[in-house]
Every structure is written in C-alpha cells, then in structure tokens.
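> One structure follows; several queries about it will come next.
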Amino acid sequence: DFVDAATVERILDAYSSKSAARPESDGDSTMQLPVPPKPAGFCLQTLVLTQRLSKLVRRDPMIYLARFFMLIFVSIFFSVVYIETRNRIQQQAIQRFFFSIFIIGVSSNFAVVVVFAGNMELSAVQREVKDGQYSPLAFFIAQQLVQIPAMFLLGIAALVPMFGIGQPHWPSFGAALY
C-alpha cells in the first residue's frame, strides 16, 4: 500500500541478483574463524573495574556526595537539638542516649537511597559476568576498593559534628567510626 508494485519487484530482483552472486556452500568447506583474544587477567579486570566504579562515583553525586553533605547537616541538626546533653549529669543520660541513637539510626537510613541504584547495578553485573567480561571476584574487590574509603568518609561526616557540638568522649571516636 505504501509503494507501487514496480518498486517492490525492483527490490526483489536486486536481492536475488546479490544472492546469486554469492558462492554456494557445499557444506564440506570449513571456514577459519578468527582466534578470540586472550581474556584480561584478574589484576587488569580489577583495575579496570575500580576505574569504572570510581568514574561512576564522580559522575553520580547521589551515591556518596549528596549523602556526605546530608549527613553533616543531619548531624549538626541533632547536635543542636540535643545541645543540653553536653552537660554530663544524670538527668541528661536518656537524652544523650537518644542523641546517639538518632545519629546512628538516621545516618544508617541514608543507605536506602542507594538500594535502587544497587539493584540496577546487580542486573548489569550479572549480565556482564555471564558474558565473560570479568569475574565476580574482581568486581567484588573493585567494589570494596571504592566503597570502604567512601564509607569511612561518610562515617566521619556523621560523627565529626556530633563529637564537635555534642562533646562525647573524644577517645571513643575511633570505636564509633568502626
């Protein structure tokens, strides 16, 4: 309905003339396939994946940067709300406990932001591992190389305002961060 019959005939004739020009395979001839390239080694896979994940962190600020600044804001907010817990007296013991729980609980809930991105990444990783692009262990190690320093920075962002304003016992900073 879109073109006339003469145009269709011309296209079909051109197709048959191209297929007639191709040599027919007798089924016995073998064709040499190119040798596939040697797969990348484990260290190279880990290096490339670490670079890729680092680039993703730089390009998607929601993963770490937005959480970093929100943790600072939330920690300052709760530190100001519970400013009276600086007085180490018995009447402030429960409020000081709630202050610590709010800092820990709210900062932990910021990880919910990453769940959707992690699910999408899991689908991509499963497909790439199935295609043989890299090993799951290389991806795991690359993830840890990127995430562990970022988690420590997020912990510092949550705890420094708390320790600075709320004045908990500073020698316990390392234990709180860990």
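> Express in nm, to one decimal, how much length is gained between LEU65 and LYS130 on full extension, taking 0.36 nm for each residue of separation and deducting their alpha carbon distance.
In short, 20.3 nm is gained.
> About the Cα centre of region 23-150, how large is the charge dipole given +1 on each Lys and Arg Cβ and -1 on each Asp and Glu Cβ? Please answer in debye to the nearest 20.
For this selection, approximately 1000 debye.
> Whole number in Å², please: accessible area per residue of the chain, 1.4 Å probe, ligands, DNA and RNA not counted.
Counting only protein heavy atoms, the per-residue value for the chain is 75 Å².
> Still on this structure, please answer the following. Roll a 1.4 angstrom probe over the protein heavy atoms and tell me the percent of accessible area of the chain that is carbon or sulfur.
In the chain, the share of accessible area belonging to carbon and sulfur is 68 percent.
> Given the DSSP H assignment, sum -39500 (n - 2.57) over each helix run of at least 4 residues in the chain and divide by its residue total; what's the result at 222 nm in deg cm²/dmol, nearest 500?
-23000 deg cm²/dmol
> Still on this model: Subtract the Cα-Cα distance of PHE140 and PHE110 from 0.36 nm times their separation in residues, and report this length gain in nm to one decimal.
Gain on stretching PHE140 to PHE110: 8.6 nm.
> Whole-Hz ³J(HN,Hα) for each residue in region 5-13, computed from phi via Karplus 6.51 cos²θ - 1.76 cosθ + 1.60 with θ = phi - 60°, x for glycine and proline: what do you get?
Going residue by residue, I get 5, 5, 5, 4, 4, 5, 5, 5, 5 Hz, with x marking Gly and Pro.
> Given the options PHE69, LEU12, LEU177, identify the residue whose Cα lies farthest towards the positive end of the charge dipole of the chain (+1 on Cβ of Lys, Arg; -1 on Cβ of Asp, Glu).
Of the candidates, LEU177 comes out farthest on the positive side.
> May I pose another question? Under the 0.36 nm per residue contour assumption, what length would be gained going from the current alpha-carbon distance of LEU177 and ALA93 to full extension?
28.1 nm
> Looking at (1) 67, 34, 29; (2) 62, 46, 29; (3) 96, 48, 21, which value of Cα extents along the principal axes in Å comes from a calculation on the structure shown?
Label (3) holds the value from this structure.
The values are calculated or read from the model by the stated rules, or taken from the named source; none is laboratory data. A quick note: this is a predicted structure, and the numbers were derived from the prediction, not measured. We place every Cβ from the backbone using ideal geometry, glycine too, and count neighbours over all the protein chains shown. With ligands, DNA and RNA removed, areas are computed over all heavy atoms of the protein, side chains included. Shrake-Rupley method; radii C 1.70, N 1.55, O 1.52, S 1.80 Å.
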